[in-house]
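**Q** Let me give you the structure first, and then I'll get to my questions.
The values are calculated or read from the model by the stated rules, or taken from the named source; none is laboratory data. As the structure is a prediction and not an experimental result, all values here were calculated from the model. Virtual Cβ from ideal backbone geometry, glycine too; neighbours counted across all protein chains shown. For the accessible areas, the whole protein counts, side chains as well, though only heavy atoms, and no ligand, DNA or RNA atoms are used. Shrake-Rupley method; radii C 1.70, N 1.55, O 1.52, S 1.80 Å.
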Amino acid sequence: MPKLIAKTPLSGLWPVTHRDLSLSEVALDRITSVAPFRGQEKALAKALKPLGLAFLAPNSFAEKAGVRLVWTGRDQAFLINAVLETPAAALTDQSDGWACLRLEGAGAADVLMRLYPLDLRAQVFAPGQAARAGLNHMASVLMRTETAFELLVFRSMARTAWAEIAEAMQHVAARRAL
Amino acid sequence: MRIAGKGLTDPSVPVGFRFDGRDYVGQAGDTLASALLANGVKLVGRSFKYHRPRGVLTAGSEEPNALVEVLEEGGQRTPNVRATVQELYPGLAARSQNRFPTLGFDLLALNDLAAPLLGAGFYYKTFMWPRHFWEGLYEPLIRRAAGLGSLSRQHDAAAYEKAYAFCDLLVIGAGPAGLVAALEAGRAGADVILADEDARMGGRLLSETLVLEGRPGMEWVTSVLAELESLPNVRLMPRTTVTGAYDHGTYGALERVGLHLAPRPYLPRECFWRIVAKQAILAAGALERPVAFENNDRPGIMLASAVRSYLNRYGVAPGRRVTVFTNNEEARRTARDLMAAGVPVAAIIDARPHASAVEDCPVYTGATVINTRGRKGLSHITVRHGGGEALIETDCLAISGGWNPTLHLTCHRNGRPLWNEALAAFVPAPGAVPGLEPAGAAAGIMSTAACLASGQRAARGALEALGRKPAAIRLPAAEDAPYVIQALWQVPHAPGLWRRAWLDFANDVTVKDVKLAAQENFVSVEHMKRYTTQGMAPDQGKNSNVAALAVLADATGRSVAETGVTTFRPPYTPVSIAAMGAGGRGTGFAPQRFLTSHTASVERGAPMIEAGLWYRAGYFPRPGEADWRTACDREVRMVRERAGVCDVSTLGKIDIQGADAGRFLDFVYANTFSTLPVGRVRYGLMLRDDGHVMDDGTAARLADGHFVMTTTTAAAGQVMRHLDFVQQAFCADWDLRLMSVTEAWAQFAVAGPRARALLASVLDAPPDLPFMGCAPVLVHGVKGRLFRISFSGEEGYEIAVPARYGEALFRDLLARAEVLGGGPYGMEALNVLRIEKGFLTHAELHGRTTAFDLGLGRMISAGKDCIGKAASQRPGLTGPEREQLVGLRPQTEAPLTAGAHLFVPGEEVGRAQDQGYTTSVCYSPTLGSWLALGFLKNGRARQGEVIRVVDHLRAVDVLCEVCDPVFYDREGEKLRA
């Protein structure tokens, strides 16, 4: 039987690096949107417990043993890299709907503050924080980990997001070279 | 002329540059203006209207005269660059503008001779007849004669950027007040941004010989800047002009990132910042203003403060024998500084009768300059004093009419400044912009010591608002001389046709023009401005506003305070569109959405059509096919006879879950979905709340409380937004969850008589679905979904797999389809197939059509309520007066066009006789005829009639038979096969 080859949203693109600043694609195995059904918050909390996670406050995410839960909207979160089965929430497979980009290195916040109208300085947007915000003209989910920014954009627009971040990186790098 | 040992430029770093084709050498730290002056170049431009020779007037961003074009490689150029702002860099090439053929010999200087004819309002009065000559003849001529720099007519492909910044305190201006404010707040731990439009911070301290704490002012500036740089919470932004004050503490600012350097790859020329500040301090200083007297616009006449700047900051003497004309004490520093540097000063002409006459040069008190000589460079001035008139030989006249606080930003939210009689200037109104506190000269505080104290006071106010303790820095001792001024706006001159005293150098507006405006009853300052164009040049009246309205006040017998001031609006200085639109050129204008089949389609030579943000294949040309129609006709026949594959992933897909999912669909769709069995799909019609059709689509029931809705491509975003709104506004307590899954699935239409055979070869089990059925399937072992729906009229399926497998499945389907005599089809064929079948798109669902118009009135279920139902029953939305969907078939082979209008044959063709219009047309290879869908008044009752289709724009006039909109397989036998 023939086998269908899977491709990541940004397949064929190599990481972009300017000194210690680098942009790369993160291949996420699985994204599931989790939205608790009416009155099911407690049942959902119970279902999340084995993962060591709890449903989140807005603009934050939590990670445990490689499994991440990120707030993405009203009564809605994305569960990344884990399987959850529960009748307590509407679960929708979003694994293929989003591309994940990672930007790391000194100046990453400067780069992103050319595209996001957000205050991303570390004292304001600290590790563990997330935002559902526009990346230039695109919908996105932005997260700050201890070492990097990771952001989700629509799969179809991933190449535009990549190009725009890469361009901002070039500008920041050219400024630093002065 | 450079003076050894003076200035902050670096003589050890010579910088070569070109101006008007000649090579010169300046020094590192020079502006183009200071370098030209150092090389003895006084004539740098021609005036806007009269083409008068002009030289450098100022040393700052308010420069009205010295506008040049900076030339770049490849014929690119930037016009209207202020030579006083443009920093020198090796290889800088610039040229003068608005002259022909050369700066020295300008033919249009004839305008100056015609000056008596060219006063304010001249064009409006003169070029009245014949009326239609204005656009074709007069305006182009006038535009050519008057003007600024010229555009390269090339795209500006250089890099620009936009960026955001946030801070506790934004300090605008890095003079004494701004530096103190930044230091006070910086030491207190606040996040501070200090922005200054100059390349070098320090403000007037760079240009004066002031002493702070017993040391040269520059030493204090250097030490403060060093400390600010060392503070991690302070960000210095030189070359950054804060151009606008907006709501909620947001400021626009333009940074010159690379304009002071030879172009280098990826370095932005400019950056447009949006700075959000909890508090802000406006320490932008003040602008010196000229005095209007006859022929006050000659090269060599400069502001006194500019003369000091060139002398003290750039080490350049702007003349060999300088005179000073002032109405205030401070400008006398100019003469003292010049003499101390060894530059002869011919005289000080002080308009104040009781001013001191004790200087090391001749002083005329109670005197005025009444005229000047020297066409391309000042040679003499005529002075009137108590004892008569004197002719003084001088090549540089430094003038000062006092200072205007730079309060523009305080007016950006509609604040009006207040007149201060003692300063003879407007000062900012308190609280004009919430959170923005003026300090120093911008607040009308003129001595250095008072400016320092004012900066500290403003910073403490901001710190208190931020809930921080003051740092209590110690202020340096500084001069605290009172500001002594006697208002002087104009020196009257004798009447005479060619006698003029300039107010607005940039737009060639004279005292005479303002008086004429008053005489012709343009007495409001706003009317005067527009009648004379005073203040409408790139400098926006920075040099002329207050003087012009003072002249107007005088001419109308009012006080300056009564006359008021025109409105200052953003931007403070010009902002290039390229910076504000950074990143938006070409494909940067909007995100590009690519399908998983994109690469495979492009490899097959398919031209991509933009559909919203998506890129979709138009058609798949084969060798030998001459045009798109040939390819399209083949693809249509292929689908009708064999099998075709088309990427339809752009359709909106919405996952709907919850116990109330069916109930919700009943509410948002006109027809009923709660009764749909699991495993079935239903066509649905969605109304807006005004009763018109919003969108059509399908919903499939995957499980009891689980549907997946499909929308059109065009309305995918709109429908998602609508559903979110309905849920939150009307169904907040329902058990319901919505989620867009458009991006998650790659979905392909497989249609045609051999579609089933094609699908059987990729599915793990042969498809066995009734028409409008759906089922989970395994596609080469991958979990997918299969829907039996058709947008072509053939037996049709849509097969969906997770998007990561989209490209692989598309390639696999094409290869298999080709074995069966089929292949891919694009948007063109998709459109033809659906028109043949009478299926709708947003060409028909264009927002003004109702379900009744579309022949779908019966889809609005009688047994339940839905959004838009009540409104759809309003009078006028149903009935024979409505334009109703019909099909149109021409009686000849003539082509049809969409957007053509319908008329009754034999009747007049006019707006009043309009019977309807066409929305979609195609050539149908299946039926061998052109076909159209359109809307015709009472159309359903008029089938069989002949109607005239007229397209006035494209010269189409065809008789068509009105018929059913379904041209092909009306009974739907093929669909259900």
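**Q** Take the Cα pairs of the range B:652-740, get the Kirkwood Rh, then feed it into Stokes-Einstein at 4 °C and 1.567 mPa s and tell me D in µm²/s.
**A** Values: Rh = 12.7 Å.
D = 102 µm²/s.
**Q** Looking only at the range B:348-506, where both bridge partners belong to it, what percent of the DSSP beta bridges are antiparallel (to the nearest 5)?
**A** On the way: 14 of 17 bridges.
Here the share of antiparallel DSSP bridges comes out near 80 percent.
**Q** Relative contact order for the range A:31-93: what is it in percent, counting Cα pairs under 8 Å that are at least 6 residues apart?
**A** On the way: 109 pairs, mean separation 29.8, N = 63.
It rounds to 47 percent for the range A:31-93.
**Q** When a/c is below 1.5 the answer is rounded, else prolate if a/b is larger than b/c, else oblate, so apply that to the range B:261-300 with a ≥ b ≥ c taken from the square roots of the Cα gyration tensor eigenvalues.
**A** Working: a/c = 5.01, a/b = 1.47, b/c = 3.42.
Judged from the Cα gyration tensor, the range B:261-300 comes out oblate (a/c at least 1.5, b/c at or above a/b).
**Q** Determine the relative contact order of chain A: mean sequence separation of Cα pairs under 8 Å and six or more apart, normalised by residue count, in whole percent.
**A** Normalised by residue count, the contact order of chain A is 24 percent.
**Q** Where both partners of a DSSP beta bridge lie in chain B, what percent of those bridges are antiparallel, to the nearest 5?
**A** Percentage antiparallel, nearest 5: 75.
**Q** With a 1.4 Å probe, how much accessible area is buried between chains B and A, both sides summed, in Å² to the nearest hundred?
**A** Interface between B and A: roughly 4400 Å².
**Q** Sticking with this structure for a sec: What residues does the range B:645-684 have that are buried by at least 30 Å² of accessible area in the full protein assembly compared to the chain on its own, 1.4 angstrom probe?
**A** B:Q657
**Q** Among A:A89, A:A65, A:A47, which one moves the most in a GNM of chain A with springs linking Cα atoms closer than 10 Å?
**A** Looking only at A:A89, A:A65, A:A47, the largest GNM fluctuation is found for A:A65.
**Q** Label A:W14 and A:L178 with points 7 Å out from Cα along Cα→Cβ: what is the distance between them in nm?
**A** Using points 7 Å along Cα→Cβ, the separation is 3.0 nm.
**Q** By what distance, in whole Å, do the Cα atoms of the range B:1-154 stretch along each of the three principal axes, largest value first?
**A** Computed over the range B:1-154, the largest-to-smallest principal extents equal 63, 35, 26 Å.
**Q** Pull out a ≥ b ≥ c, the square roots of the eigenvalues of the alpha-carbon gyration tensor of the range B:879-976, then state rounded if a/c is under 1.5, prolate if not and a/b is larger than b/c, and oblate in the remaining case.
**A** In terms of gyration-tensor shape, oblate.
**Q** A further question follows. For peptide A:103-116, how many partner chain Cβ atoms fall within 10 Å of a residue's Cβ, on average?
**A** Counting Cβ atoms of other protein chains within 10 Å of each residue's Cβ and averaging gives 2.
**Q** Would you be so kind as to identify which of A:G39, A:L69, A:L51 lies farthest towards the positive end of the dipole of the range A:31-93, taking Lys and Arg as +1 and Asp and Glu as -1 on Cβ and the Cα centre as origin?
**A** Value computed over the given set: A:G39.
**Q** Mind listing the long-range amide H neighbours of B:I399? Cut-off is under 5 Å, sequence gap 5 or more, other chains count too, H placed in the peptide plane at 1.01 Å from N.
**A** Hits under the 5 Å cutoff: B:M302, B:L303, B:A304, B:F325.
**Q** Can you give the mean number of other chain Cβ atoms that lie within 10 Å of the Cβ atoms in peptide B:586-592? Walk me through the numbers on the way to the answer.
**A** Numbers: counts 0, 2, 6, 1, 5, 15, 5.
Mean number of neighbouring Cβ atoms from other chains: 5.
**Q** Give, rounded to the nearest 20 debye, the magnitude of the charge dipole that the range A:1-76 has about its Cα centre when Lys and Arg contribute +1 at Cβ and Asp and Glu contribute -1 at Cβ.
**A** Value, rounded to 20: 300 debye.
**Q** Are there GluC sites (Glu not before Pro) in the range B:511-613 that DSSP marks as loop and that have at most 14 other Cβ atoms within 10 Å, and which are they?
**A** B:E520
**Q** Compute from the Cα atoms of the protein assembly as shown the Rg and the Dmax, the latter being the longest Cα-Cα distance, and quote both in angstrom.
**A** Looking at the protein assembly as shown, its Cα Rg and Dmax stand at 36.9, 114 Å.
**Q** What part of the accessible area of the protein assembly as shown, given as a whole %, is carbon or sulfur when the probe is 1.4 angstrom?
**A** 54 percent
**Q** I've got another one for you. I'd like the antiparallel share, as a percent to the nearest 5, of DSSP beta bridges with both residues in the protein assembly as shown.
**A** 80 percent
**Q** Let me ask something else. Sort B:300-308, A:121-129 for me by packing, meaning the mean count of neighbouring Cβ atoms within 10 Å per residue, highest on top.
**A** The peptides rank, most packed first, as B:300-308, A:121-129.
**Q** Please name the residues of the range B:784-819 whose accessible area, counted over protein heavy atoms with a 1.4 angstrom probe, falls by no less than 50 Å² between the chain alone and the full protein assembly.
**A** Checking the loss per residue gives B:R804.
**Q** Determine the dipole magnitude for chain A: charges of +1 sit on the beta-carbon of Lys and Arg, -1 on that of Asp and Glu, nothing else is charged, the reference point is the Cα centre, and the result goes in debye to the nearest 20.
**A** The dipole of chain A has a size of about 160 debye.
**Q** Let me ask another. Per residue, what accessible area does the protein assembly as shown have, given a 1.4 Å probe and all protein chains present, in Å²?
**A** Dividing the accessible area of the protein assembly as shown by its residue count gives 40 Å².
**Q** Would you grab the residues whose amide H sits under 5 Å from the one on B:S924? Only those 5+ places off in sequence or on another chain, please, with H modelled 1.01 Å from N.
**A** B:S929, B:W930, B:L931
**Q** In the range B:447-539, which chymotrypsin sites (Phe, Trp or Tyr not before Pro) are in a loop and have at most 15 other Cβ atoms within 10 Å, using DSSP for the loop call?
**A** B:W498
**Q** What are the GluC sites (Glu not before Pro) within the range B:380-449 that DSSP puts in a loop, where the Cβ has at most 14 other Cβ atoms within 10 Å?
**A** Of the GluC sites (Glu not before Pro), the ones in loops of the range B:380-449 whose Cβ has at most 14 other Cβ atoms within 10 Å are B:E421.
**Q** Please give the peptides B:176-185, B:138-147 ranked by average Cβ packing (other Cβ atoms within 10 Å per residue), highest first, as a rough proxy for protection.
**A** Final packing ranking: B:176-185, B:138-147.
**Q** Something else about it: Name the lysines eligible as straight-distance cross-link partners of B:K42: C-alpha to C-alpha under 19 Å, and not fewer than 8 places from it in the same chain.
**A** B:K376
**Q** Further question on the same structure: Please report the relative contact order for chain B, taking Cα pairs under 8 Å with a sequence separation of at least 6, and give it as a percent rounded to a whole number. Don't jump to the answer; show the numbers that get you there.
**A** Details: 2336 pairs, mean separation 85.8, N = 977.
In percent, rounded to a whole number, it is 9.
**Q** For the protein assembly as shown, what is the calculated [θ] at 222 nm in deg cm²/dmol (nearest 500), taking -39500 (n - 2.57) for each run of four or more DSSP H residues and dividing by its residue count?
**A** So the helix-based figure for the protein assembly as shown works out to -5500 deg cm²/dmol.
**Q** Next question. Pop out a list of residues from the range A:74-92 that are at least 50 Å² less accessible with all the protein chains around than in their chain alone; 1.4 Å probe, no ligands or nucleic acids counted.
**A** With the partner chains in place, the range A:74-92 has these residues losing at least 50 Å²: A:R74, A:T92.
**Q** Another question, then. When a/c is below 1.5 the answer is rounded, else prolate if a/b is larger than b/c, else oblate, so apply that to chain B with a ≥ b ≥ c taken from the square roots of the Cα gyration tensor eigenvalues.
**A** Judged from the Cα gyration tensor, chain B comes out prolate (a/c at least 1.5, a/b above b/c).
**Q** Could you compute how much accessible surface B:F707 exposes when probed at 1.4 Å, giving the result in Å² to the nearest 10?
**A** 0 Å²
**Q** In what sequence, highest mean first, do B:311-319, A:159-167 appear when ranked by Cβ atoms within 10 angstrom?
**A** So the peptides B:311-319, A:159-167, ranked by packing, come out B:311-319, A:159-167.
**Q** Mind checking the mean number of beta-carbon atoms from other chains within 10 Å of the Cβ atoms in B:158-165?
**A** 5
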